[in-house]
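Report on one structure; see the data block that follows.
Derivation of every value follows stated rules applied to the coordinates shown; laboratory data play no part. None of these values were measured; they are calculated from a predicted model. Here the Cβ is made from the backbone with ideal geometry for all residues, glycine too, and neighbour counts use every protein chain on show.
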Amino acid sequence: MFLSCSDNSNEYDQILPNVSVEETIFLNNPEYLDLQIVGGWAYSKGGISGIVVYHSGIDSYVAFERAAPHIRPKACSQMYVKDGLIMICPCDDSRFSILDGAPLTDGIRYAAKQYRVVVLGNTLRITNY
């Protein structure tokens, strides 16, 4: 058994609330046609402030929470995608990689919150379990 004495072990969960995520995306739906090509991305409902889904490779997708991971959710903390590669927080212009959620701005300690994506034919199932 491992015990941690760190007083910030759950700080990430204190910034972003833990909500149930269970979304289904049908890739044939016109609003998700960009997800049919590698490098394509789309916004989806769900999560705290929405989800961004990125087609990272053949039959490979990643999904991230749009709520910036370093700011408690508020009106300006919904990240948007720029140039198909970077997620930006409008509150402070912090940047995160759409490939893996890693922070690209100095001083940011948390990566974008990632969700699990299961590919079932032309359907994506996005969950946080």
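Some notes on this structure:
- When the trypsin sites (Lys or Arg not before Pro) in region 32-108 are filtered for DSSP coil states and for at most 13 other beta-carbon atoms within 10 Å of their beta-carbon, the remaining sites are Lys45, Lys74.
- Relative contact order computed over the chain (Cα-Cα under 8 Å; 6+ residues apart), in percent: 23
- Inter-part distance, region 13-46 to region 85-108, computed on C-alpha centroids, equals 18 Å.
- If you run the Gaussian network model on the chain, springs between alpha carbon atoms under 10 Å, then out of Asp59, Asp92, Asp100 the most flexible one is Asp92.
- From the coordinates shown, volume of the Cα convex hull per residue in Å³ corresponds to which of (1) 90; (2) 125; (3) 104: (2)
- Remark: the Asn28-Tyr43 segment gains 3.9 nm on full extension, using 0.36 nm per residue and subtracting the alpha carbon distance.
- Using θ = phi - 60° in the Karplus curve 6.51 cos²θ - 1.76 cosθ + 1.60, the 3J(HN,Hα) couplings for region 47-56 round to x, 8, 10, x, 10, 10, 10, 10, 8, 8 Hz; x is entered for Gly and Pro.
- Per-residue ellipticity at 222 nm from helix content only, as computed over the chain with -39500 (n - 2.57) for each DSSP H run of at least four residues, stands at -500 deg cm²/dmol.
- Neighbour-count order for Val19, Val53, fewest beta carbons within 10 angstrom listed first: Val19, Val53
- Dipole in debye (nearest 20) - the chain, about Cα centre, beta carbon charges: Lys, Arg +1; Asp, Glu -1: 160
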